[in-house]
Amino acid sequence: MRHITEVLVVVCAAMTGASQPALSQSIFSKLGSKAKQVAGDKANQAMDSAVSKAAQAVVCAITDVACINKAKASGKPIQVTDANGKPVSSADSAAAISAAAAQAAAAAQPALDSAGGAAPGSTAAPEPNTVLVNYDFVPGDRVLFAEDFAGDNVGDFAKRLDLVSGNFEVAESNGARFLRATGRGQVEIPLDETLPQRFTVEFDFDGDRTQGWVNSVQFADPASASASHFKIEFRPDFGGVVGPVTSEVHLDAGQIRHPVHVAVMADGPYVKAYLNGVRVANVPKADLGRAKGIWISVDGSPADPASLSNVRVAEGGKPLYDALAAAGHVATHGILFDVGSDHIRAESTPTLKSISDMLTAHADLKLMIEGHTDNVGNAQSNQSLSERRAAAVKQYLVTMAHVDATRLSTKGYGASKPIAPNTTAEGRQENRRVELVKM
């Protein structure tokens, strides 16, 4: 992709002999004594080694990221303690070391300016998960539509979408499903309700690597007279602008990774759009309209197919503290992890920041951080994963946001407390969450 422009917002046994001859007994007795001596020597050596390692260990407070990273770089063992010098649990220690490493990795990324370009003098391209200074996308909490095409047959059209024009089919690569078009076409995401005033739309897009193209996300029926005003259009040049409001950013080819993650966030008339974590549109007074559907247009070719995957539409929730104060708990879907891992992805930063800001503003607030999963996979593994993810969130807030650890507790529930049926993609999305409970 040469340029992409947003132009419209309109994871050793011992053996003994009991009744041997005297000579045999003598031999076995000597051998047994020798074995005991060897075992004792080994045990002493192991103890000496452990004591030696403990003596060499670098002691770091749980919030001292620089100390942890310096000790890790030197190859020395690390003893993590709390603020009073008391050793923390092995789980908290591992989480602290992991969080410190993550912070060091993030600091090594190139600085980016508000337009999403590399900082002056830098030629390195941002990775897809790099947190940019203007990245403030927070996904909606109530899932209105989600589709990964796992329930569709390869070669068929997606059962839960509507075809408007063109030729689309479900394809599979490396175990992942996506909807592919080999020409120009449009599909509709049908919704059971009209889009709310606050909503988010996300999907992964691939294609348009060799040709001129126009791809758009539209929020009004294409057949309506004013449809052209209610869409976000992504294109490689500045031509053909349609609609009364324009907001655009050029991204060089090196800054685009495929597939491209597209995200749109609307709050009333305020609309923002993002590509791979780069905000490419920021319009305070747009009018996207609201309908019971979303239309996505693509332009592919047999040699350069266009594809869509991992579609998610959700309603934006109340401000975090308002929701917590009203119900005593709030679910968040903006804390993302690597698949099957407790490693927090960089896109989670806006949500984590909102949590730390809330804790700063309300000094008496204490939280139980709960980890929840869907029912896919082994129940025991899900339980362990949910516990580790909750602990990772706590450690992030303690290490990165300097929140007092005594204000935070953690618990994992695995798939034992679903808030929606696990029989649908939407339900599984809802159930994969981190909940904050007021204590």
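When you check V403 against the structure, is it outside the structural domain of G85 (by TED's automatic domain parsing) and either in a helix (DSSP H, G or I) or surrounded by fewer than 17 Cβ atoms within 10 Å (Cβ to Cβ) (or both), yes or no?
Values: outside the structural domain of G85 (by TED's automatic domain parsing): yes; either in a helix (DSSP H, G or I) or surrounded by fewer than 17 Cβ atoms within 10 Å (Cβ to Cβ) (or both): no.
Judged against the criteria, V403 is not a match.
If V339 satisfies every condition in (1) within 24 Å of the chain's Cα centre (by Cα); (2) modelled with pLDDT of 85 or more; (3) not assigned by TED's automatic domain parsing to the domain that holds P190 but one, which is the exception?
Of the numbered conditions (1) within 24 Å of the chain's Cα centre (by Cα); (2) modelled with pLDDT of 85 or more; (3) not assigned by TED's automatic domain parsing to the domain that holds P190, the odd one out for V339 is (2).
Based on this model, can you work out whether T410 counts as outside any helix (DSSP H, G or I), in contact with a Lys or Arg (Cβ under 9 Å, 6 or more places away or on another chain) and over 25 Å from D152 (Cα atoms)? First the steps, then the outcome.
Details: outside any helix (DSSP H, G or I): yes; in contact with a Lys or Arg (Cβ under 9 Å, 6 or more places away or on another chain): yes; over 25 Å from D152 (Cα atoms): yes.
For T410, the condition - outside any helix (DSSP H, G or I), in contact with a Lys or Arg (Cβ under 9 Å, 6 or more places away or on another chain) and over 25 Å from D152 (Cα atoms) - is met.
Suppose the filter is under 19 Å from F337 (Cβ atoms), surrounded by fewer than 21 Cβ atoms within 10 Å (Cβ to Cβ) and in contact with a Lys or Arg (Cβ under 8 Å, 6 or more places away or on another chain); does N422 pass it?
On the way: under 19 Å from F337 (Cβ atoms): yes; surrounded by fewer than 21 Cβ atoms within 10 Å (Cβ to Cβ): yes; in contact with a Lys or Arg (Cβ under 8 Å, 6 or more places away or on another chain): yes.
When the stated conditions are applied, N422 passes them.
Just to check your reading of the model, which residue among Q383, Q429 is touching a Phe, Trp or Tyr at 6+ places or on another chain (Cβ under 9 Å), outside the structural domain of V65 (by TED's automatic domain parsing) and either surrounded by fewer than 22 Cβ atoms within 10 Å (Cβ to Cβ) or at pLDDT 95 or above (or both)?
Numbers: Q429 fails: touching a Phe, Trp or Tyr at 6+ places or on another chain (Cβ under 9 Å).
Testing whether each residue is touching a Phe, Trp or Tyr at 6+ places or on another chain (Cβ under 9 Å), outside the structural domain of V65 (by TED's automatic domain parsing) and either surrounded by fewer than 22 Cβ atoms within 10 Å (Cβ to Cβ) or at pLDDT 95 or above (or both) leaves just Q383.
Among (1) within 25 Å of T200 (Cβ to Cβ); (2) under 17 Å from the mean Cα position of the chain (by Cα), there is one condition A415 misses while meeting the rest; what is its number?
If we test A415 against (1) within 25 Å of T200 (Cβ to Cβ); (2) under 17 Å from the mean Cα position of the chain (by Cα), just (2) comes out false.
Suppose the filter is among the aliphatic types (A, V, I, L, M), outside the structural domain of P190 (by TED's automatic domain parsing) and not in a loop (DSSP other than H, G, I, E, B); does V398 pass it? It would help to see each step written out before you state the result.
On the way: among the aliphatic types (A, V, I, L, M): yes; outside the structural domain of P190 (by TED's automatic domain parsing): yes; not in a loop (DSSP other than H, G, I, E, B): yes.
So V398 fits the description; yes.
The values are calculated or read from the model by the stated rules, or taken from the named source; none is laboratory data. Only a predicted model underlies this, so the values are computations on that prediction, with no experimental measurement involved. So basically every Cβ, Gly included, is an ideal-geometry build from the backbone, and we count neighbours across all protein chains shown.
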